[in-house]
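Right, one structure below, let's go through it.
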Amino acid sequence: MKEIFLFVFVMWVLIIVGGGLLISIIAPLTISGYGKFDSILDSGIKALIAIILVIAWIFILSKIKNWIFHKQIKN
Amino acid sequence: MLDKIILAILVSAIAFFSVYITTPFLIKGLEKRNLTVKDYNRVGGAMVPRPGGPSILVGILTSEFTLYVFFPTAEILAILITTSLAFVVGLIDDRKVLGGWFKPVALAISAIPIILLGTYIPHLSFPLFGTVKIPELYIALVIFMIPVTGNTINSIDVLNGVASGFMTIASFALTISLFIIHNYDIALASLPLGFVSLAFYKYHKFPSKIFPGDSGALTLGAMYGVLAIVGHVEIIAAVALLPAVINSFLFLSSVKRIIEHRQIKSNPVTHTDDFKLMATTNKDAPITLVRLILASGPMTEKQVGLVIFRLSIFSAVLAIVTAFMMGVKI
């Protein structure tokens, strides 16, 4: 059963780390040199990175879920 | 400060006793009108009255209206309107079988008063790292938040007492967190949610005398979502809700689409000969939190409920730790 508690804890860590990446690395990024498209490109790239992070988050959690499920069945 | 303490005691008492007193009348009324459903996990399949949403709403409305008389703020108004709209959505779903997309869309519409009343700050606060300003994205987050919290609580309402017990733990964790970050007004407004859930748990716990139904679960979940937005504690609220989020995540990652629970063809849980709950061996059945808990072996319904409550307490502690971490900056 402790694996499920570990799952909750990993999710919590991922939320904190994800927030940290968002604020300290992604948010300060600025795109320039494209004139009037600067702000659109800036927002688009930031949104894309955020989506990639969410996909990575879901991928990690899916792997943990499968590991817990198989471990529980084996026990 | 003393007046706020007195008011906190008053709204908590109103919230608790209005549900505690009205629910037995609701149970009798539902039984009279034959509005009952079978409890498949109980030996003999007892018929249980449903929905308990009306008594939950009475508790929330009476206590929040009392608070509004003393503190007429837009935030309390947003809580009242959005929660009531979510109740209506749930009540429609209790009476009619609607498609999987009905609830998320209708709940998203229920979130509009939060935007119209301007009761949000378009910043997302993270522990240790500070805040990020997302003006346009935040409006999408508001629209997204109410369906997510509503359906998350609804999806965990699978065993006797779990939804109300879980909500009691999560909402008290949210109230404590709001006090920690010095948001006393919203902390006060969040108290009724915990006390309404606690009073309803008395009748919902194993063996259930009433089920909350979609109207009850969506009302509780939507109010939790509004509190997270108007209290500016979105991340803390998400952490306190983690076991239910995991349940939704497991379900969605296994069925890979948004569907109503009634549309599931294979039940993730079956029964042993002595009527304990057991994880199904059917590979087509969705993976849920209960199935994951039961994967190690059969348990009674009460035992599974206690495991979920232990998980809730664990995530409630993490939410409170997160609230403390909000004051720390790297």
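What to note about this one:
- Condition met for B:SER253 (within 13 Å of chain A (Cβ to nearest Cβ), at pLDDT below 90 and surrounded by 15 or more Cβ atoms within 10 Å (Cβ to Cβ)): yes
- Selection of segment B:105-124 for residues being more than 27 Å from B:SER155 (Cα to Cα) and surrounded by fewer than 20 Cβ atoms within 10 Å (Cβ to Cβ) yields B:LEU116, B:LEU117, B:GLY118, B:ILE121, B:PRO122, B:HIS123.
- The test for being within 23 Å of A:ILE55 (Cβ to Cβ), buried (at least 22 other Cβ atoms within 10 Å of the Cβ), within 13 Å of chain A (Cβ to nearest Cβ) and modelled with pLDDT under 90 does not hold for B:LEU242.
- Looking across segment B:158-187, the residues that are within 10 Å of the chain's Cα centre (by Cα) and not hydrophobic (A, V, I, L, M, F, W, C) come down to B:SER164, B:GLY165, B:THR168, B:SER171.
- In segment B:76-104, the residues that are crowded, with 21+ Cβ neighbours inside 10 Å and either under 23 Å from B:ILE14 (Cβ atoms) or of a type in the set (S, T, N, Q) (or both): B:ILE76, B:ALA78, B:ILE79, B:THR82, B:THR83, B:LEU85, B:ALA86, B:PHE87, B:GLY90
- Residues in segment B:113-170 that are over 24 Å from A:GLY44 (Cβ atoms) and acidic (Asp, Glu): B:ASP157 only.
- Criterion (exposed (fewer than 14 other Cβ atoms within 10 Å of the Cβ) and modelled with pLDDT under 80) met by exactly one of A:SER43, A:SER39: A:SER39
- When each of B:ALA217, B:ALA170, B:ALA187, B:ALA163 is tested for being surrounded by fewer than 24 Cβ atoms within 10 Å (Cβ to Cβ), of a type in the set (Gly, Ala, Ser) and under 18 Å from B:LEU241 (Cα atoms), the lone residue that passes is B:ALA187.
- Selection count where residues are without any contact (Cβ under 8 Å) to a residue 12 or more places away in the chain, more than 30 Å from B:LEU318 (Cα to Cα) and hydrophobic (A, V, I, L, M, F, W, C), scope segment A:25-50: 3
- Of the residues making up segment B:78-96, not a single one is closer than 30 Å to B:ILE180 by Cβ, of a type outside the set (S, T, N, Q) and not in a helix (DSSP H, G or I).
- Taking segment A:30-75 as the range and being within 12 Å of chain B (Cβ to nearest Cβ) and outside any helix (DSSP H, G or I) as the test, only A:ASN75 passes.
- Taking the criterion of being more than 7 Å from every other protein chain (Cβ to nearest Cβ), closer than 15 Å to A:ILE49 by Cα and in contact (Cβ under 8 Å) with a residue 12 or more places away in the chain, the residues of segment A:1-24 that qualify are A:GLY18, A:LEU21.
- Only one of the listed residues (B:SER155, B:SER177) is farther than 20 Å from B:LEU77 by Cβ and modelled with pLDDT of 95 or more. That residue is B:SER177.
- The residues of segment B:274-330 that are among the small types (Gly, Ala, Ser) and farther than 30 Å from B:PHE129 by Cβ, listed by number, are B:ALA279, B:ALA285, B:ALA295, B:SER296, B:GLY297, B:GLY305.
- Some residue of segment B:2-14 being out of contact with any Leu (no Cβ under 6 Å at 6 or more places or on another chain), surrounded by 21 or more Cβ atoms within 10 Å (Cβ to Cβ) and not β-branched (Val, Ile, Thr): no
- Qualifying residue in segment B:213-226 (condition: of a type in the set (Phe, Trp, Tyr), in contact with an Asp or Glu (Cβ under 9 Å, 6 or more places away or on another chain) and either within 24 Å of B:GLN303 (Cα to Cα) or touching a residue at least 12 places away in the same chain (Cβ under 8 Å) (or both)): no
- Selected residue (criterion: surrounded by the most Cβ atoms within 10 Å (Cβ to Cβ)) from residues of segment B:313-330 that are of a type outside the set (A, V, I, L, M, F, W, C) and under 14 Å from B:ALA170 (Cα atoms): B:SER315
For (1) outside any strand (DSSP E or B); (2) free of Cβ contacts under 8 Å to residues at least 24 places away in the same chain; (3) under 20 Å from the mean Cα position of the chain (by Cα), each residue gets a yes or a no:
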residue	(1), (2), (3)
B:ILE5	yes, yes, no
B:LEU10	yes, no, no
B:PHE17	yes, no, yes
B:ILE21	yes, yes, no
B:LYS28	yes, yes, no
B:PRO54	yes, no, yes
B:GLY59	yes, no, yes
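- The number of residues in segment B:286-319 being more than 12 Å from chain A (Cβ to nearest Cβ) and among the hydrophobic types (A, V, I, L, M, F, W, C) comes to 1.
- Only one of the numbered conditions (1) buried (at least 19 other Cβ atoms within 10 Å of the Cβ); (2) assigned to a loop (DSSP other than H, G, I, E, B) is not met by B:LEU292, and that is (2).
- Among the residues of segment B:119-157, those identified as out of contact with any strand residue (DSSP E or B) (no Cβ under 7 Å at 6 or more places or on another chain), away from chain A (no Cβ under 13 Å) and not in a helix (DSSP H, G or I) are B:THR119, B:TYR120, B:ILE121, B:ILE156, B:ASP157.
The values are calculated or read from the model by the stated rules, or taken from the named source; none is laboratory data. Small disclaimer: the values here were computed from a predicted structure and weren't measured. When we count neighbours, we look across all protein chains shown, and the Cβ atoms used for this are built from the backbone with ideal geometry, even at glycine.
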